[in-house]
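Inspection log for the structure reproduced underneath, given as structure tokens.
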Amino acid sequence: MIFKNDGKISKIFFIFIFTCVALNLAFAGGAFASSERAESGTEKATADDEKNVIARGMTYYKNVISENDRKQTTYVLEFDLMKSDFEIESVFGQDCMYKKETVSSMARRKNAIAAVNGAFFSKAGAPLGMLVHQGKIVKEPILGRTVFGVTNDNEFFFDNPRFDARFFYKKKETDKPAYIELDGINRAPGEEEVIIFTSEYGNKTRTSSKTALEITVVDEKVVAIGGCNSLIPPEGYVIHAGGFMAEELEKVCVTDIAYMELYVNPVWEKAKFAVGGGPRLLKDGAVTIEAKAEKFKSDVVSGRAPRTAVGITADKKILMVCVDGRQKNSAGMTLKELARYMKKLGAVDAMNLDGGGSTTFFLMGKVLNSPSDGRERPVSQALVIKPKDGFDKELTAKIGVGGTVK
């Protein structure tokens, strides 16, 4: 259900207005009236009269750019969170960290008006890089790579966080606690690593080692100690220690006091969600391709490819951008070309996201770009723009037929 008031009339009204906006934009010159001037040389990315107002604080435009006899087709959503009736959210495939789903399916499931693919992921569907979900750090940063986040105060930030976390335990309140350093969150452990598993990972740790030890903690109390594949409590967590690290925790007993501490930049204490990607494209208005520092391999760095990026403008608007690639009408961009394009769009800070066959741009019920696989690729995570809580027929009335805001 889209609305809090659950009224059938409200839902029908929203669908009617939503459909009218979509139809009007489609009739305005092809789906979502794109600016498709293909002149020789570098073409200006946007002009105000080429933008389609989708909703209050939200505009969309498509560009076909021609440079040196090479075409690029780009899709841009500009979103002013402070002036909009919508909000941005991170969504996991099938609402699970280790499952995949198409961007359009995730968007429809969340009643989203727009969405793009997000984090890189492994073949098994494991997202790569730092993730914050509903205010909780559920995946640690890797290799110093860039992370994009949104705070509870709706402020946006880019950061290159480091992981520093510890598990403390003691017999009673007055004791000085002992501690062990953690290596990661919600991922398959190495032979001698210490990993914390939370309910976002699933029901069980899915570990298998004859020498590992797993400690279950609920409400800062050790409630169980055992071997692998432990149940993960919804309101607690499991600490997995392998190899000689398991010996370090053999002193822990059921009923011991236990807690975890993460040492992070203060901005992370206010983070509502965050998604890892990289490399960084823009920093304080300057093109800064940090691929080497962030240890990206050549399959991400080299050559032209379909690309997805997120950026922030000087006036604090979000840019969600996709570039088609590996096609006759769109060659795809290098990272440097993508960075320059993001700057041309007005971004002062920007980050690359997963690209290639994953690149997907969803808007108002349909996928607008042309995924290079010939179809949508299931991905592990997406960035979606969906109605804020309390979105009802009074707010839908602000979206005028034709995509203009009254």
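A short reminder: the numbers here are calculations on the coordinates, not readings from a lab. Note that the structure is predicted; figures quoted are calculated from it, not measured. Reconstructed Cβ throughout: ideal geometry from the backbone, glycine too, with neighbour counts over all protein chains shown.
Remarks
- Kirkwood-based shape ratio for the range 48-205, expressed as Rg/Rh from alpha carbons: 1.07
- Restricting the GluC sites (Glu not before Pro) of the range 137-218 to loop positions (DSSP other than H, G, I, E, B) with no more than 12 neighbouring Cβ atoms within 10 Å leaves GLU173, GLU191.
- Take the Kirkwood radius over Cα pairs of the range 165-262, plug it into Stokes-Einstein at 25 °C and 0.890 mPa s, and you get 188 µm²/s for translational diffusion.
- Chymotrypsin sites (Phe, Trp or Tyr not before Pro) within the range 244-288, DSSP loop, no more than 11 other Cβ atoms inside 10 Å: TYR263
- Of the residues LYS170, LYS336, the one with the fewest other Cβ atoms within 10 Å heads the list, and the complete ranking is LYS336, LYS170.
- Approximating the spin labels as points 7 Å out from Cα along Cα→Cβ, the ALA314-to-LYS388 distance works out to 2.6 nm.
- Peptide ranges 291-297, 309-315 listed from the most packed, as the mean C-beta count within 10 angstrom indicates: 309-315, 291-297
- The GluC sites (Glu not before Pro) found in the range 60-139 include none that occupy coil by DSSP while having at most 14 further C-beta atoms within 10 Å.
- Seen from all directions on average, the range 266-345 presents a Cα convex hull projection of 6.4 nm².
- Semi-axis lengths (Å, descending) of the ellipsoid that matches the C-alpha gyration tensor of the range 117-201: 26, 18, 12
- Dipole axis of the range 165-262 (+1 Lys, Arg; -1 Asp, Glu on Cβ), positive-most option in ILE196, ASN229, LEU249: ASN229
- Pair VAL301, GLU248: separation of 7 Å Cα→Cβ label points (nm): 3.2 nm
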